[in-house]
Every structure is written in C-alpha cells, then in structure tokens.
Amino acid sequence: MALRFEVLGRFNRARAARLTLPHFVCQTPLFMPVGTQGTIKGLTTEQLEEIGCQIILGNTYHLALRPTSELIDDLGGLHKFMNWPRALLTDSGGFQMVSLLHLADITEEGVTFQSPVDGKPMLLTPEESIQIQNRIGADIIMALDDVVKTTITGPRIEEATYRTIRWIDRCIEAHKRPNEQNLFGIVQGGLDPVLRDICVRGLVDRNLPGYAIGGLAGGESKDSFWRVVAQCTASLPEEKPRYVMGVGYPLDIVVCSALGADMYDCVYPTRTARFGTALVPEGVLKLKHKAMADDTRPIDPTCDCIVCKNYTRAYIHCLVTKDAMGSQLLSYHNLYYMLKLSRNLHSSIIKGRFPEFVREFLQTMFPKGDVPEWVCNAMEVAGIDISSCCTPFSSPQD
C-alpha cells in the first residue's frame, strides 16, 4: 500500500482528511480535474499548481491509444511526460469503451471493442488494464470493472456486480507495483441496495488501499443517486478514502461530502467552460448571453482568481464564441472555483463549522428557499439541519 489516509476532522458522516500519496500530500474532500490525454485543455501544469490542483485524472484508454503506455513508460512515466509533480489517478479504460464505443462486448475474459484506429477487434482484460496503468505510473490506479448504466435493470446488473468482484482478484494478481501505486476497487450494483452491499463486502474483503463508488451520474434520478452514495459510504471502511466517480456539479459534491465521500472527478467544469458557462456561488453564469455584452463586472465579484481580478464579463463575452482564449479563461476560473470549494469543505469540517458552510452554500444557490427535495432528504440523513434554507414545499417533512 502506497498511501496514508488520516482523518483530521469530522461532522457526523462528513470528514476532512490528509491523503498522503507518493507524489503529493492531499487534503480531502478534493476534486480532480480530468486531463484526458495528459492535459487539461487550455491550461498548463504550472497554472494547475497555481490554483491548488492536487490530483489530475488521466484516461487510460486515450493514453494507451496515443501516445501509448509503452512510450510513456520509456519516457519516465506520465508525471515526467506531462511535467506534473503532484498526484495522478488513471481510470481503467472500461468506461470509455462502453460510453464512446457502442460496439463494445463484455465477456468474462474482458471488454472487446473496435479499434478507432483501424476498426479491428481489440480486447481489454483486467490484466492488461493494470499492466497499462503500471506503465503509465499514476499514484492511484483503478480496477477494470463491468460498467453498466444505472438506468439498466434486470439480470445484467447482477451479472456485472459479480463479475466486478471476480475481476478485482485478476487486477490484484496483475498489479506489479503495489508499493508505488494504489489499486482502488469500484463498487457496482446499479440502484439495487442488495447488490451494492454484496459488492461493497466483496471489495472490502480484499483490503484495498481505497474504494470508488461507480455506475452513477449516468441518468439516474438524484434521489436514487444520493441514496446509493449514502449506502456505500456507510459501509466502506472509515480508514480508507472513498471516491465517487464522475461527479462534478458543486451541489452534488457538497451533498456527497456531507454523506462521507472524499474524492470526485468530472469533465463538467472544463467542458461547460468551453460552452461559455462559468461556475459561480449562485449556480452558473452564461457568458454568451447578450446581457453580458456591456457588463463590466467580473464573473464573480467574490472570486480571487486572476480571471475575476483582471477581466470583465463583457470581455469574456466577446471571446467565448470567437477565440480559444475565452474557454481558457473560463476553464481557469471554473477549476479555481471547484478547488476553492474543496478547500472550503475541508477547512469548514476542520473548524467545526460544516453545517454553517452548507447552509451558506445553499442559501446563496437557492435564495428563494427552493432547495431540491432530494438535497433536503440527503442532508437529513447526513445529520445537517438545513430547515432555514428550505421553503415548506421542499422540506424533508413533505
């Protein structure tokens, strides 16, 4: 095991921790930007350090296609290749094949898919996924799991759950760098509490360095989403990090942190930036709107990032549809916002004011008191009183 996880503070289920990895000492809760091919589009690694990024996520599937894991290994690993001194996490590659390549076929052996290069069938096995990730050299590597959308029901969910548990043993056996890289297992089971519990117990029995909650953020209702997170975090070990995969909306991160999760990743902050949308405490600000054309305010007057200190909404409005600089500035701001949110979650738990932070966050985002009912229900389970933020129509009692 190549990590240390120390809980520094708690409020009920929420926790703030120090996660020590081979390349960096991180504070949780934390958000990880997604750098598909070893880069966050439009930002340098120096800028990512500047705004407090702790871990970058790399996509094994894309890196294995180009520039190839063999080349990355020959050049000293992904840290050196992309000039990133802090921590890295790589996914297993399975999700990309299922989501990007509709011609994927999952069997007990692995995932068969059509090569996007020449159209020939290719097979990704648990062993090969781990071998590729061993060559890439990230601090955290993910087991290959049998990925099924939560909107699918029936025997396929049960098959995927049990296969995910069988595959974890093949991943453990194939993992040749356990003293340098941490293998996380992924809890599957769809929206079925019994299957989720079976998968949690199966993975916990393997005593892995950390655990991820997978198969969410794929179209399920928010009420189903938070209940799965609550169930899994309650059953996973206290002394290990818990990672909710594919979650990037600020509200979702606050809710999941209240329920005891520690780590998150998503393309949302940078992808939405490329469409001209900024993340702000009130929700989102759409810079393409005509109203922004002569607005001389910064994106967010409360934000200390260099974009908000130096540029107006009008200037960015002028850029977003015509110049790459617009999406670069918005990506910088959006990631700054997400990383600041992570720091604020951590410090509020440490200082014993997490409930106040949650209430302030919700009051700013929902000034009319129209906090979604699912948030009210989740916070009730998390033991946080947000009744002052909710109208009678969206309170947990209704």
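The values are calculated or read from the model by the stated rules, or taken from the named source; none is laboratory data. Small disclaimer: the values here were computed from a predicted structure and weren't measured. As a convention, Cβ positions derive from the backbone with ideal geometry for all residues, glycine included, and neighbour counts pool all protein chains shown. The area values use the complete protein model at the heavy-atom level, side chains included, leaving out ligands, DNA and RNA. Shrake-Rupley method; radii C 1.70, N 1.55, O 1.52, S 1.80 Å.
The figures follow:
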read-out	value
Pairs with Cβ under 8 Å, 6+ apart, first in the stretch 15-33 and without any contact (Cβ under 8 Å) to a residue 24 or more places away in the chain and within 12 Å of Ala2 (Cα to Cα), second open to solvent by 10 Å² or more (accessible area, probe 1.4 Å) and not in a strand (DSSP E or B)	Thr20/Leu3
Single unsatisfied condition, Arg196 versus (1) basic (Lys, Arg); (2) within 23 Å of the chain's Cα centre (by Cα); (3) open to solvent by 40 Å² or more (accessible area, probe 1.4 Å)	(3)
Among (1) touching a helix residue (DSSP H, G or I) at 6+ places or on another chain (Cβ under 8 Å); (2) assigned to a loop (DSSP other than H, G, I, E, B), the one test that Thr302 misses	(1)
Verdict on Ile132 being in contact with a Ser or Thr (Cβ under 6 Å, 6 or more places away or on another chain), at pLDDT 95 or above and part of a helix (DSSP H, G or I)	yes
Matching entry among Leu335, Leu329 (being open to solvent by 10 Å² or more (accessible area, probe 1.4 Å) and not β-branched (Val, Ile, Thr))	Leu329
Check on His62, on the phi < 0 side of the Ramachandran plot and at pLDDT 95 or above	no
Ile316 crowded, with 21+ Cβ neighbours inside 10 Å, in the same structural domain as Asp370 (by the TED database) and in a helix (DSSP H, G or I)	yes
Unique residue being within 23 Å of Ile136 (Cβ to Cβ), in the same structural domain as Ile140 (by the TED database) and surrounded by 23 or more Cβ atoms within 10 Å (Cβ to Cβ) when the list is Leu208, Leu183, Leu216	Leu183
Sole residue being in a loop (DSSP other than H, G, I, E, B), of a type in the set (Lys, Arg) and either within 21 Å of Gly154 (Cβ to Cβ) or at pLDDT 95 or above (or both), chosen from Arg201, Arg227, Arg206	Arg206
Options Phe95, Phe113; residue that is under 28 Å from Pro241 (Cα atoms), of a type in the set (A, V, I, L, M, F, W, C) and either touching a residue at least 24 places away in the same chain (Cβ under 8 Å) or surrounded by 23 or more Cβ atoms within 10 Å (Cβ to Cβ) (or both)	Phe95
Residue among Thr107, Thr20, Thr36 that alone is within 16 Å of the chain's Cα centre (by Cα), open to solvent by less than 60 Å² (accessible area, probe 1.4 Å) and of a type in the set (Ser, Thr, Tyr)	Thr36
Selected residue [under 26 Å from Ala261 (Cβ atoms) and open to solvent by 50 Å² or more (accessible area, probe 1.4 Å)] from Asn83, Asn12	Asn12
Test: residue in the stretch 63-82 that is farther than 20 Å from Leu335 by Cα, in contact (Cβ under 8 Å) with a residue 60 or more places away in the chain and among the charged types (D, E, K, R)	yes
Candidates Ala234, Ala230 - the one that is open to solvent by 60 Å² or more (accessible area, probe 1.4 Å), out of contact with any Asp or Glu (no Cβ under 8 Å at 6 or more places or on another chain), in contact (Cβ under 8 Å) with a residue 24 or more places away in the chain and on the phi < 0 side of the Ramachandran plot	Ala234
Count - residues of the stretch 155-176 that are within 24 Å of the chain's Cα centre (by Cα) and either among the acidic types (Asp, Glu) or not assigned by the TED database to the domain that holds Asp197 (or both)	0
Single condition Gly246 does not satisfy, out of (1) open to solvent by 20 Å² or more (accessible area, probe 1.4 Å); (2) over 13 Å from the mean Cα position of the chain (by Cα)	(2)
Residues (open to solvent by 60 Å² or more (accessible area, probe 1.4 Å), over 15 Å from Ser387 (Cβ atoms) and part of a helix (DSSP H, G or I)) located in the stretch 340-363	Lys340, Arg343, Ile350
